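Heads up: the structure comes next, in structure tokens.
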Amino acid sequence: MHKIAMLGTGLIGMFYTMTLHAHRSRDRVHIVCARDEAGLERFARTWDIPHWTTRLEEAINHPEVDVVVVALPNNLHEQAVIMAAEAGKAVLCTKPLGRNAAEARRMLQAVEKAGVFHGYLEDLAYTPKTLKALKSAQNGALGRILWARSRETHPGPHSDWFWDKAQSGGGAIVDMGCHCIEISRNFIGKEVRPLEVMCWADTQVHPIEAEDNAVGLVRYASGAIGQFEVSWAFRGGMDLRDEVSGTEGTLWLNHWLRTGFEMFTSVGEGGYVAEKAESDKGWLFPVGDEIGSLGYTDMFADMLNALDAGTAPMETFYDGYVVNAIMDAAYRSAESKQWEPVVLEDWRGSDEIGADVRLKDYDAEHFLIKEEIMPDGRTKLILKEKVSGHVVQKITG
Ligand SMILES: NC(=O)c1ccc[n+]([C@@H]2O[C@H](COP(=O)([O-])OP(=O)(O)OC[C@H]3O[C@@H](n4cnc5c(N)ncnc54)[C@H](O)[C@@H]3O)[C@@H](O)[C@H]2O)c1
């Protein structure tokens with residue numbers, strides 16, 4: 001059993017606590033910390049948490065606590081992680097790890113220097129659909145991954161600090177691009193080096209300094225492209241979708257809207273429907289098991305099982321650092337309008353993997369480009385002559 005200090009009782013602190021206390025779990029939130037005293041006590045009583053405090057150091061250093069969960073605004077992650085590392089506690093930090101790669105690297109160095117367990121709470125890499133899809137991709141069902149597209153869009157975040165660049169580190173890219181980038185990295189392969197990024201970002205709607213819309217392409221050493229699409233101005237709820245294409249297969253995942261539960265009500269549901277739902281009337285897309293569908297259940301199981309087993313979880317602070325480095329390149333590209341290199345001062349993957357265009361033999365003289373059955377039942381073959389390099393076609397059957 002682990003006794004956990006939960007730092008933050010906002011949207012994510014609540015989802016995390018709900019998850020940790022679900023399903024007759026052995027692990028418990030033992031102390032909770034937030035800024036607002038009245039809300040804190042209410043939160044602690046709702047979730048049956050014995051201690052609460054407004055002081056981060058008191059929660060982290062509580063003598064019975066062995067795991068610290070950082071669910072605070074982005075500008076407080078580094079400070080909280082360093083305090084937890086210095087206290088010798090296991091530390092799990094929400095996304096994004098840092099506001100930029102420099103912060104994320106200092107956090108990685110702090111936990112590694114202290115020798116404490118660390119996990120990057122990237123829930124969307126753990127949704128049940130994603131875990132199953134990743135297994136298929138890792139088993140080779142899609143062949144070589146060519147393109148991994150991930151989209152997160154909604155009408156904008158729920159707290160003031162997200163909208164203030166100084167506290168958040170950026171807009172939709174830092175808030176949601178981090179999810180999309182890590183989903184793509186998991187499909188493309190974490191050992192494959194991200195090389196460069198091309199990104200468009202703009203503030204299309206809101207009176208803020210940060211971007212509320214962005215689209216980016218991340219080019220990997222294998223030749224694969226990771227594509228992220230993020231928006232704080234999308235209307236109609238929260239759209240979480242992934243598409244993965246490989247040389248041998250395709251995957252499409254829809255995690256939130258139209259997942260098979262559709263409902264109409266003329267009078268209204270009377271409150272909360274699902275995260276970022278814009279209405280409780282009309283056609284609704286509720287979600288049966290919200291904490292499961294968003295990946296929190298499998299994520300905490302992996303984190304705490306790995307802690308017990310003395311192994312690393314699927315998502316570590318190193319992953320958080322790589323994601324931050326990719327986002328830094330995205331911001332540079334949005335300014336320069338050029339491909340910008342991903343700067344990784346600490347690269348632990350492979351440098352052997354290169355873009356690999358495999359040539360398929362058709363016969364001794366030709367490579368096969370494409371084969372297609374035509375409406376008249378005959379088969380058309382598009383071939384490349386090995387010696388001349390000419391492209392020719394041949395009809396059989
Ligand atoms: N899917 C996800 O993984 C996901 C979803 C939402 C948010 N997040 C991340 O979680 C973090 C928090 O986001 P949120 O949506 O819960 O924000 P929020 O605004 O809902 O809650 C923030 C919490 O931090 C507390 N807090 C702020 N300053 C504090 C201080 N100085 N000392 C102690 N407590 C303090 C507040 O009291 C509040 O409880 C962010 O890093 C965000 O990016 C992750």
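Name the single residue that is farthest from the ligand (Cβ to nearest atom) among those in the range 173-197 being among the aliphatic types (A, V, I, L, M) and farther than 18 Å from ALA71 by Cα.
Among those that are among the aliphatic types (A, V, I, L, M) and farther than 18 Å from ALA71 by Cα, it is LEU195.
Among TRP163, TRP200, which is at pLDDT 95 or above, away from the ligand (no atom under 13 Å from the Cβ) and either farther than 26 Å from ILE353 by Cβ or over 19 Å from the mean Cα position of the chain (by Cα) (or both)?
TRP200
Does LEU72 satisfy the criteria of being within 14 Å of the ligand (Cβ to nearest atom), crowded, with 18+ Cβ neighbours inside 10 Å and not assigned by TED's automatic domain parsing to the domain that holds PHE162?
Considered against the rule, which asks whether it is within 14 Å of the ligand (Cβ to nearest atom), crowded, with 18+ Cβ neighbours inside 10 Å and not assigned by TED's automatic domain parsing to the domain that holds PHE162, LEU72 comes out as yes.
May I ask you to verify whether VAL215 is in contact (Cβ under 8 Å) with a residue 24 or more places away in the chain, outside any loop (DSSP other than H, G, I, E, B) and surrounded by 16 or more Cβ atoms within 10 Å (Cβ to Cβ)?
In short, no.
Specify the residue that is farthest from TYR126 (Cα to Cα); the eligible residues are those in the range 149-160 that are within 11 Å of the ligand (Cβ to nearest atom) and in contact with a strand residue (DSSP E or B) (Cβ under 9 Å, 6 or more places away or on another chain).
The qualifying residue farthest from TYR126 (Cα to Cα) is HIS154.
Where in the range 1-84 are there helices (runs of 4 or more DSSP H), lying wholly inside it, with at least 2 residues that are out of contact with any Ser or Thr (no Cβ under 9 Å at 6 or more places or on another chain) and β-branched (Val, Ile, Thr)?
Of the helices (runs of 4 or more DSSP H) lying wholly inside the range 1-84, none has at least 2 residues that are out of contact with any Ser or Thr (no Cβ under 9 Å at 6 or more places or on another chain) and β-branched (Val, Ile, Thr).
Just one of ALA59, ALA44, ALA5 is at pLDDT 95 or above and within 10 Å of the ligand (Cβ to nearest atom); which is it?
Being at pLDDT 95 or above and within 10 Å of the ligand (Cβ to nearest atom) holds for just one of ALA59, ALA44, ALA5, which is ALA59.
Would you point out which residue out of LEU142, LEU108, LEU124, LEU146 is closer than 22 Å to SER184 by Cβ, among the hydrophobic types (A, V, I, L, M, F, W, C), touching a residue at least 12 places away in the same chain (Cβ under 8 Å) and within 16 Å of the ligand (Cβ to nearest atom)?
Answer to the selection: LEU124.
With the requirement that a residue be touching a His at 6+ places or on another chain (Cβ under 6 Å) and among the aliphatic types (A, V, I, L, M), what does the range 169-228 give you?
none
The values are calculated or read from the model by the stated rules, or taken from the named source; none is laboratory data. Since this is a predicted model, take the numbers as computed values, not measurements. Backbone-built Cβ (ideal geometry, glycine too); neighbour counts: all protein chains shown.
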